[in-house]
1. Across the chain, how many lysine pairs separated by 8 or more positions, or lying on different chains, have Cα atoms within less than 12 Å?
2. Would you calculate the volume per residue, in Å³, of the smallest convex hull containing every Cα atom of region 48-158?
3. Two decimals, Cα atoms only, Kirkwood Rh: what is Rg/Rh over the chain?
4. Note the per residue figure in Å³ for the convex hull of the C-alpha positions in region 53-94.
5. Between residue 101 and residue 281, what is the label-point separation in nm under the 7 Å Cα-to-beta-carbon projection?
6. Can you tell me the relative contact order of the chain? Whole percent, Cα pairs under 8 Å, sequence separation 6 or more.
7. Which residues in region 248-290 place their backbone N less than 14 Å from a point set 7 Å from the Cα of residue 233 along the Cα-to-Cβ direction?
8. So what's the net charge close to residue 66: Lys and Arg +1, Asp and Glu -1, counting the other residues with Cβ under 11 Å from its Cβ?
Amino acid sequence: MSKLHRAAIAATMATLLSLPAAAHGIAGARFFPVTLTFDDPAVADEVSLPTVVYQPNNPGDEIDYGFEWDKRITENFGFAFNDQYRVVRQPAQAGGNLSGWDDPVLTLKCQFFENDAHELLASVGVQKEFGGVGAVSQGLADSAGWTQPTVYVGKGLGDLPNSLGLLRPFAITGEFGYQRADEATIVSPDGTRPPNPDFWNLGASVYYDLSYLRSQVIDYGLPEFANHLIPIVEFAFSSPASSQHAGTTTTGTIAPGVLYEADWYQVGVEALIPATHASGSYTGFIAQFHVYLDDLLPGSPLGKPLF
């Protein structure tokens, strides 16, 4: 994330850490689930293991096996650590099969706003990719990392009037960040030094919570399994922050899918549809098993804030 002024950080954190927060991302009757292609607005004790991404290409394909651990330090301040193991399968003439770790990413996040009546959450954070740690020699990781200040929001529509009751289970979440390169260039496996541009990154989701429909609007007597489902569409885009980087264009995906919410875990599956020409021509998918540690291990240090 951006290198904020030390005095501003100290003053801001002192204020934010004194505010209340809820695990899981809960505001009033609204539960904000974990999104798969970008981060949600909650600060919580959770782990995603694994997150599997499959992306077909021509020729070959790529499968990424990722993980993320989220830990609360206080009720509304915590960190997340994530990485992924990449497996690229391609013909020998295209470079052959490759595998190795990507560069790890550390996130610090603080929830600073909650409005239960309007089902609204907001957080700020700083993400840091540690360049040069992963399989740089195979082109699966970058020699130089980046830092990104990020804003996260979640808004439920439960405050709509009863006359619009069937719209009340809808909610949106979003993430917006400025990814600043730590170095102006990166070192590629062939020894060249291509530019390492800055990016604007945007993620957004729209979903319909069937559990909210039953508990807060009307019970249609759906099968119990259906009452745990959340149909969702996610959008994730990355665009260069400067026009000086010729050939670097906006990429993104549209990810429709469904989440299943249980007492202590979530299972999610979404398609990954290219949203721009530069994003490719083939649809992949992402699947994730996510554990809410504060529900699974409520009395353990893994399931509650450290302080």
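Coordinate-derived values only; no laboratory data. Please read these numbers as outputs of a predicted model, since none were measured by experiment. Neighbour counts are summed over all protein chains in view; Cβ atoms, including those assigned to glycine, are modelled from backbone coordinates with ideal geometry.
1. Working: 3/128; 71/109; 71/304; 109/128.
The number of close lysine pairs in the chain is 4.
2. It comes to 124 Å³ per residue, whole-number rounded.
3. Values: Rg = 20.1 Å, Rh = 20.6 Å.
Ratio of gyration radius to Kirkwood radius for the chain: 0.98.
4. Working: hull volume 2.9 nm³, N = 42.
In region 53-94, the Cα convex hull volume per residue is 69 Å³.
5. Going from the residue 281 label point to the residue 101 one covers 3.6 nm.
6. For the chain, the relative contact order is 17 percent.
7. 253-258, 271-275
8. On the way: positive: 86; negative: 64, 68, 83, 102.
Here the charged neighbours net out to -3.
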